[in-house]
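The next block holds one structure in the form of structure tokens; read it before the comments.
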Amino acid sequence: MESLEHEERHIIEYVEVQAEEKVQRLEKVASERIFGRKHDVWDVHTDQARWWVITSPTNLYLQEEHPSMDYALSFHVGLWQRVAARQQPSVGGEEQDRVAGAWRKWQQAADAMEQADEAEEFQAVGMRCREALLAFVRETASELMLPPTAEAPKMGDFIHWSEHIAQTIAPGGSSERVRSHLKSVARGAWDLARWLTHERDATRFDAMLTVDATEARALQHGARPVREACPTAARRARRTGWRRTTGQG
């Protein structure tokens, strides 16, 4: 009984936050296990409408648009199968190996987003995305990317390292727009991950946006080796050997 009451409280809170309507009554009308995952279906009446609420992950569907429970459940399962498919890395094994740690942490963030239902869980997705971006810097950054007199940023300084990485990937005046875009993408992904980590009203959309932004950063840079993007840096690397900075912090 206590478990059912906890589930009811969760569904009520979810609907009242997502639909911004007051729940008047609700009933669990079905439970099905599909592809190894259990989905509960709730019939929820509010002061304005009637909803199907389906769990794992939780989402709601207006009954006026989805009059059949079976149709709503099928739609829900299909939707989240598509979401899960989108969260698979879109590069091959060789490309992933170049920044394996970053990809592993990104995949953990994507998996956590798929399972999350509550704001705290979406916040945790932001933390995992932040870890993925920092792992990308640890695996990619090199003092060879720095101008001769520049001091190496700390390894936790994602923004400044991402600027050096972008400069290495897209050097020269003719690549100014590409370089600017790479820096903008990096800053946007970092800002989203930090914001989501502390956003007490975080939603699934917020988490999806952050996961997608993080993948764009790890994919577009990690799948393209710096030594291919910058022949000059590659020649320097062959002469001196790659040496990652061990900045403090």
Per residue of the stretch 28-43, what does 6.51 cos²θ - 1.76 cosθ + 1.60 with θ = phi - 60° give for ³J(HN,Hα)? Whole Hz please, x for Gly and Pro, Karplus curve as stated. 7, 10, 6, 9, 9, 9, 10, 6, x, 10, 7, 10, 9, 10, 10, 9
Please enumerate, by chain and number, the lysines with C-alpha under 18 Å from the C-alpha of Lys183, excluding those fewer than 8 residues away in the same chain. Lys154
Debye log10 I(q)/I(0) for the stretch 1-78, one point scatterer per Cα, at q = 0.12 Å⁻¹: -0.30
For Lys28, which aspartates and glutamates qualify as cross-link partners when the Cα separation must be under 12 Å and same-chain residues fewer than eight apart are set aside? Glu5, Glu7, Glu8, Asp40, Asp43
Treating the stretch 133-184 as a set of equal point scatterers at the Cα positions, no solvent, please give the Debye-formula log₁₀ I(q)/I(0) at q = 0.16, 0.20, 0.21, 0.25 Å⁻¹. -0.43, -0.67, -0.73, -0.98
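I'd like to check one number: the per residue accessible area of the stretch 93-213, probe 1.4 Å, reported in Å² as a whole number. Before the final figure, lay out the partial values.
Working: 5950 Å² over 121 residues.
Computed with neighbouring chains in place, this is 49 Å² per residue.
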Using alpha carbon centroids, what distance separates the stretch 171-193 and the stretch 41-55, in Å? 44 Å
Sorted by packing (mean other beta-carbon atoms within 10 Å per residue), highest first, where do 163-173, 70-80 land? 163-173, 70-80
How would you order 122-131, 17-26, 100-109, 36-45 from highest to lowest mean count of nearby Cβ atoms within 10 Å? 122-131, 100-109, 36-45, 17-26
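The values are calculated or read from the model by the stated rules, or taken from the named source; none is laboratory data. All figures in this text were calculated on a predicted structure; none of them were measured in a lab. We place every Cβ from the backbone using ideal geometry, glycine too, and count neighbours over all the protein chains shown. Surface areas here come from the heavy atoms of the whole protein model, side chains and all, with no ligands, DNA or RNA. Shrake-Rupley method; radii C 1.70, N 1.55, O 1.52, S 1.80 Å.
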